[in-house]
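J.: One structure follows; several queries about it will come next.
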Amino acid sequence: MVDTKTQYQKIKPAIDKAVVDVMESTAFINGKAVHDFAANLSAYIGIKHTIPCANGTDALQIAMMALDLQPGDEVITPSFTYIATTEVIALLRLIPVFVEVDAKTFCMDPTVFEKAITPKTKAIVPVHLYGQSAPMEEIMAIAKKYNLYIIEDNAQTIGCDYIFANGDRKKTGTIGNTGTVSFYPSKNLGAFGDGGAIFTNDDMLADKMKKITNHGQSKQYYHDIVGCNSRLDSMQAAILDIKLKYLDEYTAARRKAADFYDGAFANQPKIIIPFRASYSSHVFNQYTLILEEKNDPANYRDGLRKFLAVHKIPSMIYYPVPGHRQKMFEHFNTVTQSMPVTDWLSERVISLPMHTELDEEQLIFITNKVLEYVNK
Ligand SMILES: Cc1ncc(COP(=O)(O)O)c(C=O)c1O
């Protein structure tokens with residue numbers, strides 16, 4: 001699905017030097033590399049504070065802790081997302097309230113989620129899925145009306161522009177009260193291990209988040225609030241700082257591959273290509289098709305996966321079981337919740353290889369094999 005090896009080889013001297021520099025400095029934790037990277041990332045995405053942490057899951061947890069959400073508070077989130085989004089809600093003894101997504105954008109549908117708001121609702125977690133923004137203006141208007149926090153799960157979408165109705169642009173992750181990102185290796189800005197960060201323009205919130213990432217500490221051995229140990233280590237920061245310089249180039253390469261796929265699959269009755277919303281750029285963390293077959297769509301999709309695997313083409317299903325149907329949430333009694341769009345998508349989506357190193361030969365091979373299967 002990804003080719004991090006070729007990507008590394010292209011910038012090997014700079015990466016290797018950055019790692020050696022950290023080793024020689026021995027500032028492995030919270031070193032200069034971490035501060036430099038946080039400052040450069042803040043400048044890139046246009047935010048006042050970037051708080052690096054250990055991974056994108058912790059980033060969500062820390063954001064929710066800093067906003068002082070209390071056990072029993074309800075948090076609205078799409079069911080159609082990676083489990084990390086919803087798991088941290090339950091971990092903090094908050095209540096995940098699952099809502100539908102829009103069948104075209106795969107993101108939270110603002111026309112339906114207002115109905116899910118109750119007096120206990122405290123926050124909304126829109127997920128910018130696969131590399132495209134959720135409809136933030138509509139979401140923000142509803143959040144404002146009910147006085148709710150917005151935590152943007154931007155794990156998959158670093159570098160994406162949200163385009164406001166008046167033409168202004170902001171990077172996703174910088175629009176709500178806070179936003180989070182993951183530097184998991186396959187992400188658009190991927191580390192050589194785990195990593196994550198939280199974004200905010202709010203000074204007090206940033207201060208609290210920094211404390212939470214370091215055991216709630218204000219100064220060494222003085223702990224003001226309950227926190228955790230969640231740090232981005234200096235080696236990962238040094239690597240990410242090099243890769244950040246290439247992020248726009250990487251995004252362009254992903255888009256070029258997506259354009260090729262789109263061109264090959266256009267006008268195929270059984271394939272719906274990814275919708276590109278006018279309010280967002282698309283950074284294609286994933287290239288995800290909807291495969292339409294009236295009888296037994298999930299089986300038809302599995303057939304494609306098997307056919308591709310025979311030809312050594314990887315594919316993935318993000319995500320076969322939506323959040324509201326996961327066993328871990330059984331006690332919330334959400335399994336019987338009606339989510340026709342989410343269920344429809346879960347049976348039909350399939351993601352093809354998507355990364356910065358896809359060349360035309362590979363793309364021709366992949367698209368030909370997909371077309372061979374659907375035209376059978
Ligand atoms: C939507 C979403 N949220 C959160 C996460 C969690 O990030 P991490 O794996 O860095 O903990 C991911 C990672 O895959 C994700 O895709």
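The values are calculated or read from the model by the stated rules, or taken from the named source; none is laboratory data. Model, not experiment: these values are computed from the prediction. In this analysis, Cβ positions are derived from the backbone assuming ideal geometry, glycine residues included, and neighbour counts consider all displayed protein chains. Note: areas computed on protein heavy atoms with side chains; ligands, DNA, RNA excluded. Shrake-Rupley method; radii C 1.70, N 1.55, O 1.52, S 1.80 Å.
J.: Tell me the helices (runs of 4 or more DSSP H) entirely within segment 169-287 that contain at least 3 residues that are within 30 Å of D102 (Cβ to Cβ), more than 16 Å from the ligand (Cβ to nearest atom) and not aromatic (F, W, Y).
T.: 247-265
Let's see how each residue does on (1) closer than 14 Å to T342 by Cβ; (2) modelled with pLDDT of 95 or more:
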| residue | (1), (2) |
| --- | --- |
| F113 | yes, no |
| T121 | no, yes |
| V127 | yes, yes |
| I139 | no, yes |
| L148 | no, yes |
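J.: Further, regarding this structure: Return yes or no: is R325 under 23 Å from A90 (Cβ atoms), of a type in the set (K, R) and open to solvent by 60 Å² or more (accessible area, probe 1.4 Å)?
T.: It is true that R325 is under 23 Å from A90 (Cβ atoms), of a type in the set (K, R) and open to solvent by 60 Å² or more (accessible area, probe 1.4 Å).
J.: Looking at T57, T77, T86, T50, which is the one that is among the β-branched types (V, I, T), farther than 27 Å from D109 by Cβ and within 16 Å of the ligand (Cβ to nearest atom)?
T.: Unique residue meeting the criteria: T50.
J.: Separate question: Find all pairs meeting these conditions: Cβ atoms under 8 angstrom apart; at least six residues apart or on different chains; first residue within segment 10-24 and on the phi > 0 side of the Ramachandran plot and of a type in the set (F, W, Y); second residue modelled with pLDDT under 95 and surrounded by 13 or more Cβ atoms within 10 Å (Cβ to Cβ).
T.: Between residues of segment 10-24 that are on the phi > 0 side of the Ramachandran plot and of a type in the set (F, W, Y) and residues that are modelled with pLDDT under 95 and surrounded by 13 or more Cβ atoms within 10 Å (Cβ to Cβ), there is no close pair.
J.: List pairs: first in segment 102-116 and within 9 Å of P135 (Cα to Cα) and of a type outside the set (A, V, I, L, M, F, W, C), second assigned to a helix (DSSP H, G or I) and open to solvent by 30 Å² or more (accessible area, probe 1.4 Å), Cβ under 9 Å, 6+ apart or cross-chain?
T.: Sorted first by the residue in segment 102-116, then by its partner, the pairs are D109/V341; P110/E137; P110/E138; P110/A141.
J.: I've got another one for you. Take the residues in segment 89-139 that are of a type in the set (F, W, Y) and either within 16 Å of the ligand (Cβ to nearest atom) or open to solvent by 10 Å² or more (accessible area, probe 1.4 Å) (or both); name whichever of them is nearest to Y318 (Cα to Cα).
T.: That would be Y130.
J.: Give segment 57-80 a look and list any residue that's open to solvent by 10 Å² or more (accessible area, probe 1.4 Å) and closer than 22 Å to I175 by Cα, or say none.
T.: T57, D58, Q61, M65, L67, D68, L69, E74
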